[in-house]
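The values are calculated or read from the model by the stated rules, or taken from the named source; none is laboratory data. Not measured: the values here are computed from a predicted model. All Cβ positions, even for glycine, are placed from backbone atoms using ideal geometry, and neighbour counts span all protein chains on display.
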Amino acid sequence: MRDRIPVVVHGSGRRVRRAGLAGVLWACAEVITTAGVVVALLVVHQVWWTNRQAVAAAREQVQALESEWGDSSPSSSASSASSSHSPSPSPSSSVSGSSPSDARPVSPSVVPSGGGSPSAAVQERAYAVLRIPRLGLAVPVAQGVDKRSVLDKGYAGQYPGTARPGERGNFALAGHRNTHGEPFRYINRLREGDRLIVDVKGRRYTYVVGKVLSETTERDTGVIAPVPRSVVKPDYGYGEPGAYITLTTCTPEYTSKYRLVVWGTLLS
């Protein structure tokens, strides 16, 4: 009888290994797909849904202020109030008449760090409305530049220590450029001569855009000084006391690397 020679089948082992590898790859693909969906949903929430919420809430706040002001609404007395220089009844602390070195060293950042902000109760209450006709914008103005209690609500936030609307000094504001209502998204479109209108109870102050600084660092505190002038780019800004308004936001879009600044002067 002939001896039987054992036959070793190599293909079956390879098939098992291939099947195992395919299973691992499939599991990895499922994890990556799930993670991608989660990230996409987060992006949609951050970019789209937060905008809808903040825009709606800011619009309601503007309407609430106008309703509260009633017959004393600025629109009913705009002709006489727009040229007034008397201080408005806003809760801000004034730095009028001080030198640039007296200004608080607040970074003109849309997401600043550090303290020095008013109490949460004060921050959460809007006291004015900023209107930019060129952009079709009407946004509530509240005290402070805290991200959660002011800026993420779609408001413009007033830098602590800056001047009140209509008074000498610098009425300086920050606002988001992207997400959370993005009220300052298109302020790069503002040009010399455009009007910036600030309404408070019974008064309207009209500023005229004079200068734009397209890019500076987040630590350029000179742009919100009582006499605004960039300390990074000294050719940009003003040299004499006056009644100014400053708008600051992040640039380029969807980043916070630099700051975009728009300045205006009170129309007299």
Checklist entry - Asp220: farther than 23 Å from Arg134 by Cα and more than 20 Å from the chain's Cα centre (by Cα), yes or no? => result no
Item to check | Output for region 169-202, where each listed residue is among the acidic types (Asp, Glu) and not in a strand (DSSP E or B) | outcome: Glu182, Glu192, Asp194
Checklist entry - Does Gln158 qualify as being in contact with a Leu (Cβ under 9 Å, 6 or more places away or on another chain), of a type outside the set (Phe, Trp, Tyr) and either at pLDDT below 95 or within 25 Å of Ala64 (Cβ to Cβ) (or both)? => result yes
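Across region 139-153, what is the total count of residues that are of a type in the set (Lys, Arg) and buried (at least 19 other Cβ atoms within 10 Å of the Cβ)?
Summing the residues that are of a type in the set (Lys, Arg) and buried (at least 19 other Cβ atoms within 10 Å of the Cβ) in region 139-153 gives 1.
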Next on the checklist: Considering only residues that are modelled with pLDDT of 95 or more, aromatic (Phe, Trp, Tyr) and within 21 Å of Tyr155 (Cα to Cα), which ones fall in region 234-268?
Outcome noted: Tyr244, Tyr258, Trp263
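Does any residue of region 153-168 turn out to be within 20 Å of Val227 (Cα to Cα) and outside any loop (DSSP other than H, G, I, E, B)?
We begin by selecting, within region 153-168, every residue within 20 Å of Val227 (Cα to Cα); these are 157-168.
Now restrict to residues that are outside any loop (DSSP other than H, G, I, E, B): 157-158.
Within region 153-168 (the criterion being within 20 Å of Val227 (Cα to Cα) and outside any loop (DSSP other than H, G, I, E, B)), the answer is yes, since at least one residue qualifies.
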Checklist entry - Do the conditions hold for Asn170, that is, is it surrounded by fewer than 24 Cβ atoms within 10 Å (Cβ to Cβ) and modelled with pLDDT of 95 or more? => result no
Next on the checklist: If the requirement is being modelled with pLDDT of 70 or more and among the β-branched types (Val, Ile, Thr), which of these qualifies: Val8, Val24, Val43, Val39?
Outcome noted: Val24
Item to check | Evaluation of Val232 against (1) in contact with an Asp or Glu (Cβ under 6 Å, 6 or more places away or on another chain); (2) surrounded by fewer than 24 Cβ atoms within 10 Å (Cβ to Cβ); (3) assigned to a strand (DSSP E or B) (one fails), failing number | outcome: (3)
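If you check Val208, Val227, Val212, which single one turns out to be of a type outside the set (S, T, N, Q), in contact with a Ser or Thr (Cβ under 7 Å, 6 or more places away or on another chain) and outside any helix (DSSP H, G or I)? Can you show your working first?
On the way: Val227 fails: in contact with a Ser or Thr (Cβ under 7 Å, 6 or more places away or on another chain); Val212 fails: in contact with a Ser or Thr (Cβ under 7 Å, 6 or more places away or on another chain).
Testing whether each residue is of a type outside the set (S, T, N, Q), in contact with a Ser or Thr (Cβ under 7 Å, 6 or more places away or on another chain) and outside any helix (DSSP H, G or I) leaves just Val208.
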Checklist outcome for this item: Of the residues in region 195-220, those that are surrounded by fewer than 19 Cβ atoms within 10 Å (Cβ to Cβ) and charged (D, E, K, R) number 6
Checklist entry - Quick check: is even one residue across region 126-138 modelled with pLDDT of 95 or more, among the aromatic types (Phe, Trp, Tyr), within 23 Å of Val62 (Cα to Cα) and crowded, with 24+ Cβ neighbours inside 10 Å? => result no
